[in-house]
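Student: The following block contains the structure, expressed as structure tokens.
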Amino acid sequence: MDMPGDVAELSPQDAVAAHLDETTSDLFGITELCREFGISLRAIRFYEDKGLLHPRRVNGTRVYTRRDRARLALILRAKAIGSSLAEIKHYLDLYGSHGEGRVQQMRYVLQRTDQAIAELEARRANIDATLAELRVINDTVRKGLDRR
């Protein structure tokens with residue numbers, strides 16, 4: 001299964017399927033991943049320093065597996081929706097070495113998305129209330145100017 005270069009094009013199902021596939025021997029260099037995902041070498045090294053990615057070393061060169069590539073896609077997707085690096089690490093660590101933590105991952109995602117939905121709905125309600133107030137003020141001022 002080929003993964004699109006644009007993280008936004010990668011469906012959640014494809015990301016999970018790629019993450020689960022440990023049998024493949026596909027290997028990727030850091031430059032290849034940078035090009036594919038449109039990020040810098042520094043960004044990938046930063047994710048390594050934070051313990052989010054764990055490349056192998058072959059003759060001193062970083063080598064990434066299909067699983068590393070899928071993890072990078074998940075990291076970038078999670079960042080795009082506002083997750084902190086600590087949350088992303090927690091989510092990835094829940095998975096375990098062979099997927100034994102998948103149920104815990106799903107529960108964590110459910111809890112986090114429920115929370116994010118509630119926060120966004122509250123913000124939307126505040127925005128709607130503010131817009132209503134501004135419309136009343138705007139309308140009142142407009143009518144006042146029309147009378148002059």
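Student: Can you tell me which condition R147 does not meet? The list is (1) basic (K, R); (2) surrounded by fewer than 10 Cβ atoms within 10 Å (Cβ to Cβ); (3) within 30 Å of I30 (Cα to Cα), and all the others hold.
Tutor: (3)
Student: Scanning the stretch 38-55 for residues that are open to solvent by 20 Å² or more (accessible area, probe 1.4 Å) and touching a residue at least 24 places away in the same chain (Cβ under 8 Å), which turns out nearest to Y91 (Cα to Cα)? Let's see the steps before the verdict.
Tutor: At the first step, the residues of the stretch 38-55 found to be open to solvent by 20 Å² or more (accessible area, probe 1.4 Å) are 38-43, 45-46, 48-50, 54-55.
Subsequent filtering for residues that are touching a residue at least 24 places away in the same chain (Cβ under 8 Å) retains 38-39, 50, 55.
Values: G38: 23, I39: 22, K50: 13, P55: 18 Å.
Filtering the stretch 38-55 for residues that are open to solvent by 20 Å² or more (accessible area, probe 1.4 Å) and touching a residue at least 24 places away in the same chain (Cβ under 8 Å), the one nearest to Y91 (Cα to Cα) comes out as K50.
Student: Which of the residues belonging to the stretch 38-61 are in a loop (DSSP other than H, G, I, E, B) and over 12 Å from I75 (Cβ atoms)?
Tutor: Matches in the stretch 38-61: G38, S40, H54, P55, N59, G60.
Let's see how each residue does on (1) outside any helix (DSSP H, G or I); (2) surrounded by 10 or more Cβ atoms within 10 Å (Cβ to Cβ):
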| site | (1), (2) |
| --- | --- |
| A86 | no, no |
| E100 | yes, yes |
| M106 | no, yes |
| L110 | no, yes |
| A129 | no, yes |
| R135 | no, yes |
| D139 | no, yes |
| K143 | no, no |
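Student: So, in the stretch 109-148, of the ones that are of a type in the set (S, T, N, Q) and at pLDDT 95 or above, which residue ends up farthest from the chain's Cα centre (by Cα)?
Tutor: The initial filter retains those residues of the stretch 109-148 that are of a type in the set (S, T, N, Q), namely 111, 113, 115, 126, 130, 138, 140.
Among the residues that remain, those that are also at pLDDT 95 or above are: 126, 130, 138, 140.
Details: N126: 26, T130: 30, N138: 39, T140: 44 Å.
Within the stretch 109-148, the match that is farthest from the chain's Cα centre (by Cα) is T140.
Student: Can I ask one more? Looking at the stretch 16-34, can you tell me whether even one residue there is at pLDDT 90 or above, open to solvent by 60 Å² or more (accessible area, probe 1.4 Å) and closer than 29 Å to A116 by Cα?
Tutor: No, the stretch 16-34 contains no residue that is at pLDDT 90 or above, open to solvent by 60 Å² or more (accessible area, probe 1.4 Å) and closer than 29 Å to A116 by Cα.
Student: What do you reckon, is R71 open to solvent by less than 50 Å² (accessible area, probe 1.4 Å) and either closer than 29 Å to F46 by Cβ or assigned to a helix (DSSP H, G or I) (or both)?
Tutor: So R71 fits the description; yes.
The values are calculated or read from the model by the stated rules, or taken from the named source; none is laboratory data. Every value quoted in this text rests on a predicted model; they were computed, and no experiment measured them. Virtual Cβ from ideal backbone geometry, glycine too; neighbours counted across all protein chains shown. Just so you know, the surface numbers come from the protein's heavy atoms only, side chains and all, with ligands and any DNA or RNA stripped out. Shrake-Rupley method; radii C 1.70, N 1.55, O 1.52, S 1.80 Å.
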